[in-house]
Amino acid sequence: MKAKIPIIKARLLERFPNPHTALHHNNAYELLVAVILSAQCTDARVNTITPALFALYPTLSHLAQASLDTLKACIKSVSYPNNKAKHLIGMAKEVGARFAGQIPNTQADLKSLPGVGQKSANVLLSVYFQQNYLAVDTHVFRVSHRLGLSHAKTPLQTERELSALFEDDLGFWHHALIAMGRTLCRARAPQCSVCFLADLCENKKTSDTKAKCNKI
Ligand code: SF4
């Protein structure tokens with residue numbers, strides 16, 4: 001598979017020359033809040049609530065002092081609002097107490113914050129801090145497995161395998177694979193007949209592989 005990577009990169013770059021996060025943000029604080037809210041929720045849904053949220057809590061210290069009930073009401077249209085409200089306030093308090101109010105820029109420090117796991121930390125590191133990390137979300141996991149770039153069982157192992165294959169500019173490839181998953185390689189109806197990677201794909205959908213493909 002390693003030999004196919006230059007071709008896959010070239011075609012992804014041609015098709016998606018400027019892939020980027022769909023989460024609206026103006027600074028590291030807003031991106032971290034949006035990433036926490038986006039867990040098991042769509043970016044589009046998160047973008048509908050963050051303008052009012054950031055108007056109410058424009059800085060980390062405003063969020064640290066938020067009323068839990070008010071914050072819950074403000075984010076009620078995303079999934080798991082109760083837990084996410086607790087995580088957001090906890091995150092804001094910890095960044096204030098342990099990192100002098102600055103969003104940390106290491107994976108270990110980010111993962112020590114409430115509501116921030118491996119995927120969320122990697123999004124912050126690659127999107128905001130321009131570090132060479134790749135986050136494995138549902139799109140990246142599905143597309144990479146269908147293509148045969150990874151056969152790993154877990155997102156963490158998938159991240160390791162994809163990082164070894166793509167090596168550089170991991171944030172860029174992360175967003176290109178997401179764009180692929182949102183357009184052609186959709187979960188329920190992959191568009192294999194018009195896919196520009198079909199000749200390289202291990203799970204190109206044909207009539208006899210349809211069932212297999214739709215399980216990934
Ligand atoms: S050929 Fe089909 S399964 Fe393979 S990457 Fe393209 S859309 Fe996805």
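The values are calculated or read from the model by the stated rules, or taken from the named source; none is laboratory data. Fair warning: this is a prediction, and the values are worked out from it, not measured in the lab. Glycine also receives a Cβ, built like all others from the backbone with ideal geometry; neighbour counts cover every protein chain displayed.
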Mind checking whether some residue in the range 117-139 is in the same structural domain as ARG186 (by TED's automatic domain parsing) and touching a Cys at 6+ places or on another chain (Cβ under 6 Å)? no
Picking from PHE141, PHE196, the residue that is crowded, with 19+ Cβ neighbours inside 10 Å, within 13 Å of the ligand (Cβ to nearest atom) and modelled with pLDDT of 95 or more would be PHE141
Could you please give the count of residues in the range 75-131 that are surrounded by 17 or more Cβ atoms within 10 Å (Cβ to Cβ) and among the aromatic types (Phe, Trp, Tyr)? 1
Regarding the range 160-171, can at least one residue be identified that is away from the ligand (no atom under 16 Å from the Cβ), closer than 18 Å to GLU14 by Cα and assigned to a helix (DSSP H, G or I)? yes
Looking only at the range 11-25, decide whether some residue is in a helix (DSSP H, G or I) and farther than 20 Å from TRP173 by Cα. no
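If I ask for residues that are surrounded by fewer than 16 Cβ atoms within 10 Å (Cβ to Cβ) and within 16 Å of the ligand (Cβ to nearest atom), which ones from the range 144-156 would you list?
First, the residues of the range 144-156 that are surrounded by fewer than 16 Cβ atoms within 10 Å (Cβ to Cβ): 148, 151, 153-154, 156.
Hits for the range 144-156 are GLY148, HIS151.
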